[in-house]
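One structure below.
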Amino acid sequence: MHAILHGKRLVAFDLDGTLIDSVPDLAVAVQQALGKLNLPLPTEERVRDWVGNGAPVLVERALTWALGHPPEEDLQARALDAFMEYYAAAPNALTTLYPGVKQALEALHHAGFTFALITNKPEQFIKPILEHFGLREWFSLWVGGDTLAEKKPSPLPLLHIADACNVAPGECLMVGDSRHDIEAGKAAGFATLALPYGYNHGDPIERSQPDVVLSSLLALLEPETEQAYAQ
């Protein structure tokens, strides 16, 4: 096991961009929502740069792009309702697990680590996605972007998870792909591990100075030969 896991009992994972590549389904739902409003449709690659701050922000970014200015509240509300409806209808049609995720989670689970999921995705989508990919049984607890009063980059969801699992923050590791994950982890007193393949608005994750950057979750199962420390 990697040294970042030494002394740790709980591993908290982000979802989108960390365990799953959900952008294809998110993009379809965004396109359907904007199409319903007779607005221009963004490409999947453009949507990829908007993901990471929860559904309301994703929809706001899409509307701002389509309109050329921030949306009015009524339009934002209608677009968000449409997005949630379309995404709920098919959250797993095109979404895939990143390579090595299932093998890494299985090995870490058998090694005795407690798992939690901390995502800015609306809570209603978490369980169906975990069940679809056969990951549900490994997670003791999860928090969505609308579960608590605050979401990442606030440390509140992480501290809530640690308290609920009766684990000290110093015994926890936050694994994510974006600056919001790393900022929240640092503020909560968690160790932080970043994966470079997810959604970070086009910025290198190293700029957020996580404790460790690894090429994949499978690298967690190896000694420190594959590690890359952020500078």
- Extension gain (nm, one decimal) between GLU206 and THR64, 0.36 nm per residue minus Cα-Cα: 48.3 nm
- Query: Roughly what angle does helix 23-36 make with the longest principal axis of the chain, taking Cα atoms, 0 to 90 degrees, to the nearest 10?
  - Reply: 20
- Query: Angle between the Cα long axis of helix 55-67 and the longest principal axis of the chain, 0 to 90 degrees, nearest 10?
  - Reply: 40
- Could you tell me whether segment 76-196 comes out rounded, prolate or oblate from its Cα gyration tensor? Rule is a ≥ b ≥ c as square roots of the eigenvalues, rounded for a/c under 1.5, then prolate if a/b exceeds b/c, otherwise oblate. oblate
- What share of Cα pairs, in percent, lie more than 23 angstrom apart in segment 129-227? 29
- Task: Apply 1/(1 + (r/R0)^6) to the Cβ-Cβ distance of GLU44 and ALA168, taking R0 = 30 Å, and write down the FRET efficiency to the nearest 0.05.
- Result: 0.15
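What is the local net charge at ASN53, summed over the other residues whose Cβ is closer than 15 Å to its Cβ (Lys, Arg +1; Asp, Glu -1)? Display every interim value, and only then the final one.
Values: positive: ARG48, ARG61, LYS121, LYS151, LYS152, ARG179; negative: ASP14, ASP16, ASP49, GLU60, ASP146, GLU150, ASP177, ASP181, GLU183, ASP203.
Residues close to ASN53 contribute a combined charge of -4.
Suppose R0 equals 35 Å. What FRET efficiency, 1/(1 + (r/R0)^6) with r the Cβ-Cβ distance, do GLU123 and ALA3 give to the nearest 0.05?
On the way: r = 33 Å, r/R0 = 0.95.
It comes out at approximately 0.60.
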- Under 24 Å Cα to Cα from LYS36, which lysines show up? Leave out anything in the same chain fewer than 8 places away. LYS121
- Rounded to a whole number of µm²/s, how large is the Stokes-Einstein D of the chain at 4 °C and 1.567 mPa s, given Rh as the Kirkwood radius over C-alpha pairs? 72
- Query: Semi-axes of the equivalent ellipsoid of segment 167-223: what are they in whole Å, largest first, if each equals the square root of 5 times a C-alpha gyration tensor eigenvalue?
  - Reply: 18, 15, 8
- Message: For segment 23-89, report the % of Cα-Cα distances exceeding 15 Å.
- Response: 40
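Any read-out appearing in this document is the output of simple, stated calculations on the displayed coordinates, not a laboratory observation. Everything numeric in this text was worked out from a predicted model, so none of it was measured. Note that we place each Cβ from the backbone using ideal geometry, even for glycine, and neighbour counts take in every protein chain shown.
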